[in-house]
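See structure below.
The values are calculated or read from the model by the stated rules, or taken from the named source; none is laboratory data. All values reported here derive from a predicted model rather than from experimental measurement. When we count neighbours, we look across all protein chains shown, and the Cβ atoms used for this are built from the backbone with ideal geometry, even at glycine.
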């Protein structure tokens with residue numbers, strides 16, 4: 001398994017890196033929950049803005065810290081360091097950071113005045129919220145436990161969701177809704193699609209070789 005090196009020997013630093021990545025993923029879920037509820041749940045965006053910014057900063061700091069620690073790991077271990085697996089870790093933390101950024105983008109919609117808490121499609125929006133939040137929790141668990149069986153079961157489901165979000169964008173472009181209604185929905189679909197794609201990148205890092213990382217970050221027609 002790609003991250004088996006994190007558990008090798010008694011290298012406490014690498015074990016702590018793995019734990020920090022899990023914390024980043026869980027923080028992203030918290031950020032997403034706050035952000036989406038400021039758009040569809042009736043939460044005042046101003047009341048959660050500082051917490052979202054604080055969470056975003058913590059994820060960014062964790063990314064920088066892990067990068068530094070991985071460089072030190074390579075320097076100390078020298079030829080004994082597993083460079084491909086270090087590169088995988090570098091890729092994973094970038095995906096984790098991007099998940100947080102897109103969650104923050106959702107809050108930006110609420111901060112800009114978007115309020116879909118009384119929308120006629122609220123039930124559908126809540127369903128997307130709930131499954132996305134659950135996905136992020138599953139991602140943290142799967143990554144932390146390095147559960148390859150769960151990866152193989154989850155990825156086809158999430159890949160299907162990407163198609164749904166693409167269709168959502170098309171539907172909003174062809175919608176008779178006024179722009180003030182269609183544009184926020186289109187952006188919401190886009191942000192959640194990117195969150196989903198980066199989540200797939202994280203979990204598939206457990207089962208894909210280095211050269212296939214970010215495979216699911218591409219549109220299906222561009223995958224090779």
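Summary table
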{"quantity": "Every residue from the stretch 139-150 that is part of a helix (DSSP H, G or I) and either at positive phi or free of Cβ contacts under 8 Å to residues at least 60 places away in the same chain (or both)", "calculated": "141, 145, 149, 150"}
{"quantity": "Selection count where residues are closer than 19 Å to residue 152 by Cα and either touching a helix residue (DSSP H, G or I) at 6+ places or on another chain (Cβ under 7 Å) or at pLDDT 95 or above (or both), scope the stretch 165-214", "calculated": "17"}
{"quantity": "Selected residue (criterion: nearest to residue 202 (Cα to Cα)) from residues of the stretch 151-179 that are more than 20 Å from the chain's Cα centre (by Cα) and in a helix (DSSP H, G or I)", "calculated": "167"}
{"quantity": "Unmet requirement for residue 117, which otherwise passes all of (1) in a helix (DSSP H, G or I); (2) over 16 Å from residue 198 (Cα atoms)", "calculated": "(1)"}
{"quantity": "Only one of 88, 114 that is within 18 Å of residue 25 (Cβ to Cβ) and surrounded by 15 or more Cβ atoms within 10 Å (Cβ to Cβ)", "calculated": "88"}
{"quantity": "Test for residue 180: is it closer than 18 Å to residue 33 by Cβ and either surrounded by 12 or more Cβ atoms within 10 Å (Cβ to Cβ) or without any contact (Cβ under 8 Å) to a residue 24 or more places away in the chain (or both)", "calculated": "no"}
{"quantity": "Failed item in (1) surrounded by 15 or more Cβ atoms within 10 Å (Cβ to Cβ); (2) without any contact (Cβ under 8 Å) to a residue 24 or more places away in the chain; (3) under 14 Å from residue 32 (Cβ atoms), with residue 136 passing the rest", "calculated": "(2)"}
